[in-house]
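Inspection log for the structure reproduced underneath, given as structure tokens.
Bear in mind these aren't lab numbers, they're just calculated from the coordinates by the rules spelled out. Because the structure is predicted, anything quoted here is derived from the model rather than measured. Methodologically, a virtual Cβ is constructed for each residue, glycine included, from the backbone with ideal geometry; neighbour enumeration extends over all protein chains shown.
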Amino acid sequence: MKKVFQVALGIIAAIGGFVDIGELVFNTQAGAVYRYQLLWAVPVGVIGIVVFAEMTGRVATVSGRPVFDVVRMRMGLNVGLVTLVASLLINLITLAAEVGGAAIVLQLLFDVNVSTLILVAVIGLVLIVYFVPFGGIERIFGYLGCALLVYVAAAVHLKPDWHHVSQGLIPSWHSSALYAYFVVGVIGAALVPYEVYFYSSGAIEDRWTVRDLSLNRANAVLGFTLGGILSIALIVVAGEVFFAPKVQPGYLGTTALGAQHAYGEAGLLLALLGMLFAVGGAAVECAFSGAYTLAQFAGWEWGKYRRPREAPRFTLAWMIFFALAFVVVETGVDPVLLTEYAVILSVVALPLTYLPVLLIARDRTFMGERANGLLASTFGWLYFAILLVVSLAAIPLMLATDGGAG
Amino acid sequence: MGGDRMDLVYRVLDDQLVDVDGRRCGRVDDLEFEGDIGEFLCLFVIFSGLGVWYWRMPRRLRAIGARLFGSGVVGRDVIRVPWTQVEDISSVIRLKSKARELGLAQGDDRDATFVAKLPRS
Amino acid sequence: MHAGIEQLASISAESALMAEDLARGRTKTTFVRVHGAELSAQTEHEAEKLNDDPVAPELKMPIEEAIKLAADIGGAIDDMRVSPQDREQARQDEVKLRHWAGQANRLAEAL
């Protein structure tokens, strides 16, 4: 019974922690422009992150190696350095987008100058991360991020044509660069690498053993899958509210308007609360992810479970990431624009971290009997192929469509 | 690899160093062998530190690498760890001594004095 | 230019949705003011772009019509922001904003 309860709590935290500003932006835009025609891309992204997260969690648990330890070991210094620099830059852009998003949501709630709120958001996040234990951070942001489930309720409440919704889950194709761009964006928004770096480092922080593998596999599969349902709900709500009047969402406020349209003020408040904690949680994961990445690559001591003075460079790294993100956002750059760049660039860099993990996950020297079986290998290589295609297409499509403007 | 054979590139190079107290203290950034031409070579020293990185980079990038990561000054940005200090090779390279005694993790020791001033550190 | 007018149509349509919720008392004042400010600023930005971009003489009239639309749309949004408690005004703004959204879409299609 205790295990079931643990799994349930872990799943709830994973649902609330799944959605970040990338999903909020891309899925709303996808629904507004193409109604339900891009729904199929969500499960593609979700299965991808389940495959990637399961492998990294297993590798971390069995071999004691988190992602960037594997990258350094398998790719060597030079290719590893390129991967590291790319990952850190993308992490920084993503973190800035999340911080900016949190500030915008606070402004929608309190109507205070956004510059002040950026500072409030950064200070608040730094204090929470510094003083609250790892498990507490996961729970705060995960549970409160579940307020976004209002979109699942709204998707049902708005009474969409379920036949068309189900048709949207069947892969379809349009010979349009804009459609292809949104396919890349929706998949990329689900398959964000920082979540996987955080997940694999978390496996070591939480001291998973081989006995925990089934439990944590359940968390990953169920949590990400149910989080994917949230993503689908965002598309359906946007499709119902914004497609017919031809609204082109360009703000987080537009996403919130979808929930307000279904449930009025209560819907609006739940949406904003959920967004604040989902985006805030994503910011924390991003900052940690950057610090984990750097520390693991360089071989420094790392871990939230260590006292700050026992892992000083790791501690300073995540604080500096927050400071840099603050500087980026304070320049006035649009967080929605930053999000689009972050998602697209993440997709481009993803194969660089995916491949070393896949190679180690199938290596019996490190994994013993826990190496990839037939199913894991099949899905692993299938997704590597998908990621390669998506990563090669991402930047040309972004340029061809002027960042999704058409 | 079995018996007394080991793939040094795959199993040792770029691996995590951990001291006798379980503290992470850098990576195996390079290896040095001892022996003359025509003689048996034996693994002599582990190099650890960012100062090693530049000489592993492509030739054209070495100057930039040296500026960014250090020019390999032993005792400052490069530490020589005798191979005899290696206790065990598993998912990490376990050492027989403390990091401080070997001159490793100096960056963490230096930054710890600043971080120690933070509350509840 | 075409994209700019489509943006105006989008902003007008979105503002109409906001006005609908405002008229039914189903929103928060802070949301209307903050999100309304974003939409209003974007309207002004699109109008400036339309004004500043060089155009062929035969397109001068549609552009002027689009700029006037932008001013009307921005005005209605600002009215909602100033008096978010005035539901009757919100009801009227909703009708106008939907009409302007349609107008802007037709203008964009004609270009």
Just rank A:163, A:157, A:174, fewest to most, by other beta-carbon atoms within 10 angstrom. A:163, A:174, A:157
Exposure proxy ranking, count of Cβ atoms within 10 Å, fewest first, for C:29, A:401: C:29, A:401
Quote the FRET efficiency, to the nearest 0.05, computed for residue C:64 versus residue A:327 with a Förster distance R0 of 45 Å and r equal to the Cβ-Cβ distance. 0.60
For residue A:131 and residue B:61, what does the FRET efficiency come to when R0 = 45 Å and r is the distance between their Cβ atoms, rounded to the nearest 0.05? 0.60
Return C:49, C:60 ranked ascending by Cβ neighbour count within 10 Å, so the fewest neighbours appear first. C:60, C:49
Which whole number gives the average, over all residues in C:36-46, of C-beta atoms from other chains lying within 10 Å of the residue C-beta? 2
With a cut-off of 12 Å, note down the residues of the stretch B:64-93 whose backbone N falls inside the zone around a label point 7 Å from the Cα of residue B:34 toward its beta carbon. B:82-85
What nm value, rounded to one decimal, do you get for the distance between residue A:116 and residue B:116 when each label is placed 7 Å out toward the C-beta? 4.0
Per residue, what volume in Å³ does the convex hull of the Cα atoms of the protein assembly as shown enclose? 178
Highest-MSF residue in chain B out of B:22, B:103, B:51 [GNM, Cα springs under 10 Å]: B:22
What's the lysine pair count for the protein assembly as shown at a Cα cut-off below 16 Å, pairs eight or more apart or interchain? 4
Give, as a single signed number, the net charge of other residues whose beta carbon lies under 12 Å from the beta carbon of residue A:285, with Lys and Arg counted +1 and Asp and Glu -1. -3
Rounded, prolate or oblate (a/c below 1.5 giving rounded, otherwise prolate when a/b exceeds b/c) for the stretch A:288-350 by Cα gyration tensor: oblate
With springs only between Cα atoms under 10 Å, which of C:53, C:78, C:86 fluctuates most in a Gaussian network model of chain C? C:53
Is the shape of the stretch B:8-115 best called rounded, prolate or oblate, per the rule: a/c under 1.5 gives rounded, else a/b larger than b/c gives prolate, else oblate, with a ≥ b ≥ c the square roots of the Cα gyration tensor eigenvalues? oblate
If you take the square roots of the eigenvalues of the alpha-carbon gyration tensor of the stretch A:281-392 and sort them as a ≥ b ≥ c, do you get rounded (a/c under 1.5), prolate (a/b over b/c) or oblate? oblate
Largest fluctuation, A:162, A:381, A:208 only, Gaussian network model of chain A with Cα springs under 10 angstrom, belongs to A:162
For residue A:134, the net charge from surrounding residues (Cβ-Cβ under 9 Å; K, R +1; D, E -1) works out to -2
